[in-house]
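Undergrad: After the structure tokens below, expect a handful of questions from me.
The values are calculated or read from the model by the stated rules, or taken from the named source; none is laboratory data. Since the structure is predicted, the reported quantities are computational estimates derived from the model, not experimental observations. No Cβ is skipped: glycine too gets one built from the backbone with ideal geometry, and neighbour counts run over all protein chains shown.
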Amino acid sequence: MNDFDDRPPDAGPGGQVAAGSGDDSSARRSATLPQTIAVRLRELITEGVVAPGARLNERALCDRLGVSRTPLREAFRLLAADGLVELEPNRGASVVALSVRDVRELFEVMGTLEALAGELACRRIGDDEVAELKALTFEMLACHARSDLPAYYRINHAIHDRIAIAAANEMLRRTYESLNARIQNLRFRSNFDRAKWDLAAREHVQMVELLERRDGAGLAALLRGHLARKCDAVLEALDGEGARA
């Protein structure tokens, strides 16, 4: 799906705050609306509802999300800062399409970052944090068992993010978040192949076991391999799409 249908926007109240209301809570909601819209758009991009290279139709998105154009355009700017959206004068916004070289290089760097995060997390993580990650992993496996990929992926993302947080290195975390935002849709689609998805799920069980043992070297090696296999799956899918085209 490359574009949303070009339908007229909903002129309803969604996403708008009445002028001059003087309500502090309304002002706070208005201030966070672009971030909320950006989160939803990021989900649509990640899950492939909006494809790489697709134009972001403002009128259709206003209708779909129930917002006005002003916060929507601010959300576009937030996503552009993350490298997910490209803004062109007089042409609007479109989803960034990465080249094969971009994909390979991003996954190489992400594999190194995740490996370092895993190694540091094993040194610094607390028992309570390990228990939370174990619970999340069980929840994620339940999503895998019922083939609910969107729910699985949301929990999967949270697990990787918590490992990065447990590393307790702010520079690592900021770099990780910046680069990871650019490949979320690719990490999502790497699970389209059931055998590869099954392997990724098993590797997540191993991740928790290594965290419990505080095996930094083992977890670093597993995470580096985990990202390399994700990259291979993505490049294989891209090659297949190119052959079909």
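Undergrad: Considering (1) free of Cβ contacts under 8 Å to residues at least 60 places away in the same chain; (2) farther than 18 Å from R229 by Cβ, say which one S178 fails and leave the rest.
TA: With (1) free of Cβ contacts under 8 Å to residues at least 60 places away in the same chain; (2) farther than 18 Å from R229 by Cβ applied to S178, the lone miss is (1).
This table checks each residue for (1) surrounded by fewer than 16 Cβ atoms within 10 Å (Cβ to Cβ); (2) not small (G, A, S).
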residue: M140; (1), (2): no, yes
residue: H144; (1), (2): no, yes
residue: D148; (1), (2): yes, yes
residue: A151; (1), (2): yes, no
residue: R154; (1), (2): no, yes
residue: H160; (1), (2): no, yes
residue: A168; (1), (2): yes, no
residue: R174; (1), (2): yes, yes
residue: R182; (1), (2): no, yes
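Undergrad: Going by the conditions given, is A38 crowded, with 16+ Cβ neighbours inside 10 Å, in the same structural domain as Q184 (by TED's automatic domain parsing), outside any loop (DSSP other than H, G, I, E, B) and among the small types (G, A, S)?
TA: In short, no.
Undergrad: Give region 186-245 a look and list any residue that's polar (S, T, N, Q) and either more than 17 Å from the chain's Cα centre (by Cα) or outside the structural domain of G111 (by TED's automatic domain parsing) (or both), or say none.
TA: Q206
Undergrad: Given E114, E105, which one is assigned by TED's automatic domain parsing to the domain that holds K230 and either at pLDDT below 95 or surrounded by 15 or more Cβ atoms within 10 Å (Cβ to Cβ) (or both)?
TA: When all the criteria are applied, what remains is E114.
Undergrad: Right, here's the next one. For region 173-189, does any single residue satisfy the condition of being farther than 16 Å from Q206 by Cα and assigned to a loop (DSSP other than H, G, I, E, B)?
TA: no
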